[in-house]
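Undergrad: The structure that follows is given in the form of structure tokens.
The values are calculated or read from the model by the stated rules, or taken from the named source; none is laboratory data. Treat the numbers as computed from the prediction; the structure is a model and nothing was measured. As a convention, Cβ positions derive from the backbone with ideal geometry for all residues, glycine included, and neighbour counts pool all protein chains shown.
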Amino acid sequence: MPEGHTIHRIAGQHRTRFSGEAVSVTSPQGRFLEADRLDGRELKAVEAYGKHLLYEFDGRRYVHVHLGLFGKVRTAQQPAPRAGPTVRMRLSVDEWYADLVGPTRCRLIDGDQRSTLLSRLGPDPLRRSADPHLAFERISRSRQPIAALLMDQSVVAGIGNVYRAELLYRARLNPYRPGSDTDLEAWTQIWEDARTLMRAGVRSGRIVTTEIRDRDNQGRIVRASDAHYVYGRTGRWCRTCQTEIRAADLAGRTLYWCPKCQR
DNA sequence: GCAAAATGTCAAG
DNA sequence: TTGACCTTTTGCA
């Protein structure tokens, strides 16, 4: 499920498995009408920016994919099973196929539209060239709660509801503090923490923010409830201070925090 | 078997 | 601020 780490993970896999080849592009569901125009063309590159995924084909044409809340990509070895009516786009090469299901966006765009899209995104902690100061300029001048700013993709690209909650907890920051209360040192710490956690997310394919390993000594995947400090832990006890974890609605999304650790 | 919720975004009012 | 959109999974009868 999709925060920035998921998108970068998919981009990496698809770059390796599909780019540099002539790719069969189809829309079994029929709703990606432009699939025909790309079918059999060479895929030049695959890039992730925040939560956006871009497949570049000849002539600066791009498939822009956004998974939204429910979208998924399934990548596996051939032979591909018959595609059901929910598969918006299928990519196929000799060895691999990938099915895109339930995206909020899947459309063909040109270079100008790509530029417009990228211009609306803040720095992405998963991209080497990202400049955290661009985000700091927005945050330090805003009276919006820091929790809202971290979710604003034009401020920082790629952070979602889980990373937001966990980053604020790890920084011991109250989510309702105005952005303007954040000094550069505090922001730098959050940014570096985001890079660390999100890179680990790209590697493992899951969000683990607690100081545990992805797998225990027997190789079993740790329980999801053990992987987070506050996200999804409403009514349970804070690992650090035993206070009850709170949840509230902020701009239509559920915010989680520890009222004692994050004063 | 169905309702509700989920790691998201945008447009309408 | 609310509703629409897209799909799968979970929890409750």
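Undergrad: Considering each residue of the stretch A:59-89, count those that are touching a strand residue (DSSP E or B) at 6+ places or on another chain (Cβ under 6 Å) and within 16 Å of DNA strand C (Cβ to nearest atom), and give that number.
TA: 13
Undergrad: If I filter the stretch A:194-206 down to residues being within 22 Å of A:CYS238 (Cα to Cα) and at pLDDT 95 or above, which single residue comes out as surrounded by the most Cβ atoms within 10 Å (Cβ to Cβ)?
TA: A:ALA194
Undergrad: Moving to a separate point now. Scanning the stretch A:1-15 for residues that are farther than 9 Å from A:VAL46 by Cβ and not charged (D, E, K, R), which turns out nearest to DNA strand C (Cβ to nearest atom)?
TA: A:MET1
Undergrad: Would you pick out the residues in the stretch A:37-64 that are closer than 21 Å to A:PRO123 by Cβ and hydrophobic (A, V, I, L, M, F, W, C)?
TA: Selection gives A:ALA45, A:VAL46, A:ALA48, A:LEU53, A:LEU54.
Undergrad: With respect to A:GLN153, is the statement that it is more than 21 Å from the chain's Cα centre (by Cα) and either within 16 Å of DNA strand B (Cβ to nearest atom) or surrounded by fewer than 18 Cβ atoms within 10 Å (Cβ to Cβ) (or both) true?
TA: no
Undergrad: Does the stretch A:62-79 hold any residues that are touching a His at 6+ places or on another chain (Cβ under 9 Å) and not polar (S, T, N, Q), and which are they?
TA: Scanning the stretch A:62-79 gives A:HIS64, A:VAL65, A:HIS66, A:VAL73.
Undergrad: Given A:SER92, A:SER140, A:SER154, which one is more than 16 Å from DNA strand C (Cβ to nearest atom), outside the structural domain of A:PHE32 (by TED's automatic domain parsing) and touching a residue at least 24 places away in the same chain (Cβ under 8 Å)?
TA: The unique qualifying residue is A:SER140.
Undergrad: Among (1) at pLDDT 95 or above; (2) more than 15 Å from DNA strand B (Cβ to nearest atom), which single condition is A:PRO85 missing?
TA: A:PRO85 satisfies every listed condition except (1).
Undergrad: Only one of A:LEU118, A:LEU126, A:LEU134, A:LEU108 is out of contact with any strand residue (DSSP E or B) (no Cβ under 8 Å at 6 or more places or on another chain) and away from DNA strand C (no atom under 16 Å from the Cβ). Can you tell me which?
TA: Being out of contact with any strand residue (DSSP E or B) (no Cβ under 8 Å at 6 or more places or on another chain) and away from DNA strand C (no atom under 16 Å from the Cβ) holds for just one of A:LEU118, A:LEU126, A:LEU134, A:LEU108, which is A:LEU134.
Undergrad: Answer yes or no as to whether A:ARG17 is part of a helix (DSSP H, G or I) and either surrounded by fewer than 17 Cβ atoms within 10 Å (Cβ to Cβ) or among the aliphatic types (A, V, I, L, M) (or both).
TA: Against the criterion (part of a helix (DSSP H, G or I) and either surrounded by fewer than 17 Cβ atoms within 10 Å (Cβ to Cβ) or among the aliphatic types (A, V, I, L, M) (or both)), A:ARG17 does not qualify.
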